[in-house]
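Student: Shown below is the structure under consideration.
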Amino acid sequence: MIHFAKWKIILIVAVLIAGVAYAAPNLISRDLAERLPDWLPHQQVNLGLDLQGGSHLLLEVEVESVIREQLAMVVDSVRSELRGADIGYTGLGIEGNAVTVTLRDPTTADQVRGLLEDVAGDMDLSIENGVVRIAMTEQAVEDRARRAVEQSIEIVRRRIDETGTREPTIQRQGNDRILVQLPGVKDPERVKELIGKTAKMTFRLVDSSVSPEAASIPPTLERLPSVDDEPGLPRHYVVQKRVMVSGENLVDAQPTFQDGQPVVSFRFDSIGANRFGDATRENVGRLFAIVLDGEVISAPVIREPILGGSGVISGNFTVQSAQDLALLLRAGALPAPLTVLEERTVGAGLGADSIRAGTMASMVGLVLIVATLLVAYGLFGLFANIALIFNGILLLAALSLLQATLTLPGIAGIVLTLGMAVDSNVLVFERIREEIRNGRSPVTAIDTGYREAMSSIVDANLTTLISTVLLYQFGSGPVRGFAVTLGIGIITTLFTAIMVTRLIAVLWLRKARPKTVPI
């Protein structure tokens with residue numbers, strides 16, 4: 001344990017130098033750190049919501065709308081199948097979690113069952129006394145609701161990542177709620193608007209044969225408002241319910257300019273490109289409505305077939321609105337609308353107070369630990385204090401390099417790490433004292449102390465590390481913040497206690513060649 005190979009000394013020194021280099025950017029402002037050359041360490045520790053302020057949102061996924069939309073699609077499919085087979089019916093509609101329709105001729109029940117089996121899919125299909133019922137089972141409702149929430153979390157994450165927000169917290173809470181925490185967000189209203197928009201885009205044909213002011217329209221059509229309220233332009237459009245191309249086939253959308261005006265260019269995948277090409281080729285001269293969340297944002301005339309799978313959405317856009325629309329389309333559509341149940345803004349002042357309090361606690365704890373080690377172990381206490389300082393530097397460097405988020409519980413983890421770091425040295429030093437009392441020489445006492453205490457140090461820290469991993473895996477929010485700093489602290493503590501302190505003691509032995517150990 002006393003012998004140190006040269007390569008080990010070089011490796012330990014290199015790790016310590018790298019730790020100082022990666023921790024140093026935290027001593028300067030973030031703006032100055034970002035202006036440093038790329039080849040220099042410039043990453044700083046990310047502060048969590050409780051330290052730098054930001055926005056806290058609790059969202060609810062309206063899963064009922066997913067069920068209603070699924071049932072509405074079944075209604076359209078049933079209508080199409082029955083009309084195609086020339087079968088009379090009445091009362092087609094939605095009742096609860098089921099679609100019902102009454103056959104004019106109950107004797108066609110067997111024929112209808114054959115027609116609607118594919119439409120029903122995993123839903124229950126029953127026909128009694130001429131009444132057809134296609135119902136969703138409880139399991140099917142739960143599965144669709146679960147998928148809607150999971151998909152919503154993923155879409156929200158993509159949209160927030162597109163805004164450049166650092167280290168957001170996005171997690172499920174309960175059955176149908178999503179917790180969103182955005183550290184350092186200065187414009188929460190814009191983020192909330194981006195999160196809340198469903199962004200479901202479809203391309204549909206405009207039916208010019210029906211006036212938007214008509215009292216009633218056929219069931220295959222619907223009247224949608226226009227987002228453009230300029231004089232001379234229609235306030236409403238009558239469009240086909242049939243979707244020619246869906247936004248689900250989009251693979252890219254970017255803000256750009258056309259004739260000096262902000263527009264959004266888009267590109268389809270191969271399936272969408274084929275559908276878009278067929279729709280434009282077969283309907284040259286007709287209006288093609290681009291519908292976003294139930295509103296027509298543009299309705300250009302199809303002047304020629306568009307076969308390249310790409311196009312441009314024009315309208316009354318500003319640069320910001322074009323950027324936001326492109327962001328929403330790239331991230332994808334939400335499966336269901338989101339409702340903001342709770343909104344809180346955490347001021348940066350509270351975070352600054354927390355940082356000052358945490359820093360003060362760390363400094364007071366560090367001073368007390370340093371003084372205790374010096375009084376109890378003298379020169380070896382000084383060795384331990386040097387290792388303790390490097391422990392804190394390596395911990396800060398690791399947080400910066402990994403871009404982990406430091407929270408208020410994380411500061412508690414750092415303070416706890418500093419206290420726990422002493423335990424390993426205490427085990428070694430007490431064992432060295434015991435060997436000296438037994439009459440061993442300084443070299444033998446130090447060698448035996450480190451060798452015999454090694455298993456106890458590793459076992460104690462390993463069991464703590466296992467519990468820390470479990471905290472991170474199954475915990476959330478503040479618990480994870482605590483687990484991150486504690487876990488990193490355990491690793492740096494093992495390195496400094498086993499390697500750094502021992503290296504300092506060995507170098508002292510080689511140079512001083514003492515006859516007694518001042519411990």
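Bear in mind that the values in this text are calculations on the coordinates, not laboratory data. The shown structure was predicted, so the numbers you read here are calculated from the model rather than taken from an experiment. Ideal geometry is used to build each Cβ from the backbone, glycine not excepted, and the neighbour counts take in all protein chains shown.
Student: Can you list the residues, at least 5 places off or on another chain, whose amide H is less than 5 Å from the amide H of residue 263, using H built in the peptide plane?
Tutor: Excluding prolines and chain starts, which carry no amide H, the hits are 256, 257, 258.
Student: May I pose another question? Under a Cβ-Cβ cut-off of 15 Å, what is the net charge of the residues other than residue 111 that fall near it, where Lys and Arg count +1 and Asp and Glu count -1?
Tutor: -3
Student: Same structure, new question: In sequence order, what are the phi-derived ³J(HN,Hα) couplings for region 39-44 according to the Karplus relation 6.51 cos²θ - 1.76 cosθ + 1.60 with θ = phi - 60°, rounded to whole Hz, with x for glycine and proline?
Tutor: Karplus values, whole Hz, x for Gly and Pro: 7, 9, x, 9, 7, 10.
Student: Same structure again: If the chain between residue 241 and residue 283 were fully stretched, how many nm would it gain, using 0.36 nm times the residue separation less the Cα-Cα distance?
Tutor: Full extension of this stretch gives 13.5 nm more.
Student: Using the alpha-carbon atoms, what tilt in degrees (0 to 90, nearest 10) does helix 501-512 show relative to the longest principal axis of the chain?
Tutor: 30 degrees
Student: Could you give each residue of region 401-409 its phi-based ³J(HN,Hα) in whole Hz, using Karplus coefficients 6.51, -1.76, 1.60 with θ = phi - 60°, and x for Gly or Pro?
Tutor: Working through the residues one at a time gives 5, 7, 6, 6, 9, 8, 10, 4, x Hz.
Student: Amide H neighbours of residue 252 under 5 Å, counting only residues 5+ apart in sequence or on other chains, H built in-plane at 1.01 Å?
Tutor: When sequence neighbours closer than 5 places are left aside, the close amide H contacts are 267.
Student: Same structure, new question: Taking residue 8 as the anchor, which lysines have their alpha carbon closer than 30 Å to its alpha carbon, excluding any fewer than eight residues away along the same chain?
Tutor: Hits, sequence-local ones excluded: 511, 515.
Student: Return the long-range amide H neighbours of residue 46 (sequence gap of 5 or more, or a different chain), with a cut-off of under 5 Å between placed amide H atoms.
Tutor: Amide H neighbours of residue 46: 404, 406.
Student: Could you run the Karplus curve 6.51 cos²θ - 1.76 cosθ + 1.60 with θ = phi - 60° over region 62-76 and give me ³J(HN,Hα) per residue in whole Hz, x for Gly and Pro?
Tutor: Coupling constants for region 62-76: 7, 5, 4, 5, 5, 5, 5, 5, 4, 5, 5, 5, 5, 4, 4 Hz.
Student: Using R₀ = 60 Å, calculate the FRET efficiency as 1/(1 + (r/R₀)^6) where r is the Cβ-Cβ separation of residue 341 and residue 511; round to 0.05.
Tutor: 0.35
Student: Could you tell me the largest-minus-smallest coordinate of the C-alpha atoms of the chain on each of the three principal axes, in descending order and whole angstroms?
Tutor: Computed over the Cα atoms, the extents are 108, 60, 41 Å.
Student: Here's a follow-up. When all C-alpha to C-alpha distances in region 63-141 are sorted into bins of 10 Å, what percent of pairs does each bin hold, rounded to whole numbers?
Tutor: 19, 58, 20, 3
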